[in-house]
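Trainee: Below is the structure I would like to discuss, written out as structure tokens.
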Amino acid sequence: MSDGGAVQRMGVVGVELRQLRYFVTLAEELHFGRAAAREHIVQSALSQQVQRLERELGAPLLERTTHHVRLTAAGTVFLPEARQILAHVDRAAAAAQRAARSAPALRVGTVDASYDSMPAILRRVQARFPDLEVHQVEAGVPEQYLLLASGRLDIGIGRASLAPAEVASELLRLDPLGVLVRQGHRFARSPGVPVATLAGEPLLLAEEARAPEFNQFVIELCRSAGFLPAVYRGTVESIRAAVDLVAQGRTVLCAPASCVPAHPGMVWRPLTEPVSYYPWSVLWRAEDHSGPVRAMVSCARQLSRELGWLETSGQAAG
């Protein structure tokens, strides 16, 4: 069914857009508590609105027991249609906002060109909103915070542990952390590298002003294994420059799986004992509720679910 047909059909019944949104959120979470938290309403209000939607449609959309929530056959068929209607409304809102501004644009922060999360999200956003003008800004997470708070950036990505109050965030990806070494290194022969074996290795950290949150994460991980890392005396500003040092055998590099570069002679191995996941969040200005920003967050959330970015079972194996 086309967007127009979907909206026309909605005119026949007294369905509200918020009821559709609540249903879609509940269908994604399959848990009333989590869905209510996402929509910032109480659980009873969400349940009432979904029940009203079912009455208007004359069809049960969900099976509810004390132990689970699942879609009925009707709910399974209705879900993509509801998403289509909401997407149509989002596009209409974005079109109105574009018409109201002389130069509609979305300014997006990226940590490093080697990290694949943000490019994947942007592809999804630009497929959904082909007219949206996107400007990418490469900046470390501390700089992204400043740019977001001052209104010079609309969306960013990074670890949200140090985010100021002006910056909102949503966890997007739990990224297996590993170590990058050159072939021939003792770690290259192992399927996984226990964190404790990093002791004594010259470990390359990021430039502190650019990525203090990543350095903190790696150092805390080493401390949890009973040692402080032997830090390589030198810094780089990009993954590509770091790879050059690793290729020379000068250092080893802790890196998330999402940014492992394709480079001959290099090997990435997941860290084990403990297995560790680096938390990536999508970042935006807390007071910014514009259509493009909402669309970006929505696409990021949808992509995360489709690709299982928040699932950790078995991710770091091999």
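Trainee: Looking at Gly249, Gly226, which one is of a type outside the set (A, V, I, L, M), at pLDDT below 90 and exposed (fewer than 15 other Cβ atoms within 10 Å of the Cβ)?
Mentor: Step by step, each of Gly249, Gly226 is checked, and only Gly249 is of a type outside the set (A, V, I, L, M), at pLDDT below 90 and exposed (fewer than 15 other Cβ atoms within 10 Å of the Cβ).
Trainee: Among the residues of the stretch 147-172, which ones are hydrophobic (A, V, I, L, M, F, W, C), surrounded by fewer than 16 Cβ atoms within 10 Å (Cβ to Cβ) and not in a strand (DSSP E or B)?
Mentor: Passing the criteria: Leu162, Ala165.
Trainee: Are any of the residues in the stretch 269-284 among the charged types (D, E, K, R) and out of contact with any strand residue (DSSP E or B) (no Cβ under 6 Å at 6 or more places or on another chain)?
Mentor: Looking through the stretch 269-284, none of the residues is among the charged types (D, E, K, R) and out of contact with any strand residue (DSSP E or B) (no Cβ under 6 Å at 6 or more places or on another chain).
Trainee: Next question. Hey, among Val297, Val236, Val243, Val293, which residue is part of a helix (DSSP H, G or I) and modelled with pLDDT under 90?
Mentor: That would be Val243, the only listed residue that is part of a helix (DSSP H, G or I) and modelled with pLDDT under 90.
Trainee: Take the residues in the stretch 99-112 that are surrounded by 14 or more Cβ atoms within 10 Å (Cβ to Cβ) and over 16 Å from the mean Cα position of the chain (by Cα), then tell me which one is modelled with the lowest pLDDT.
Mentor: That would be Pro104.
Trainee: Under 21 Å from the mean Cα position of the chain (by Cα) and crowded, with 17+ Cβ neighbours inside 10 Å: does that describe Ala211?
Mentor: Yes: the conditions hold for Ala211.
Trainee: When Val236 is evaluated against the numbered criteria (1) crowded, with 18+ Cβ neighbours inside 10 Å; (2) over 18 Å from Glu143 (Cα atoms), which criterion, by number, is the only one it fails?
Mentor: Unmet for Val236, out of (1) crowded, with 18+ Cβ neighbours inside 10 Å; (2) over 18 Å from Glu143 (Cα atoms): (2).
Trainee: Please name all residue pairs, on different chains or six or more residues apart, with Cβ atoms under 6 Å, provided the first residue is in the stretch 42-65 and is in contact (Cβ under 8 Å) with a residue 40 or more places away in the chain and in the same structural domain as Val24 (by TED's automatic domain parsing) and the second residue is crowded, with 17+ Cβ neighbours inside 10 Å and not acidic (Asp, Glu).
Mentor: Listed pairs, sorted by first residue: Glu56/Val15.
Trainee: Among the listed residues Ala36, Ala73, Ala94, which satisfies the condition of being in contact (Cβ under 8 Å) with a residue 12 or more places away in the chain and of a type outside the set (Phe, Trp, Tyr)?
Mentor: Ala94
The values are calculated or read from the model by the stated rules, or taken from the named source; none is laboratory data. What you see is a predicted model, and the numbers here were worked out from it, not measured in a lab. All Cβ positions, glycine included, derive from the backbone under ideal geometry; neighbour counts span all protein chains shown.
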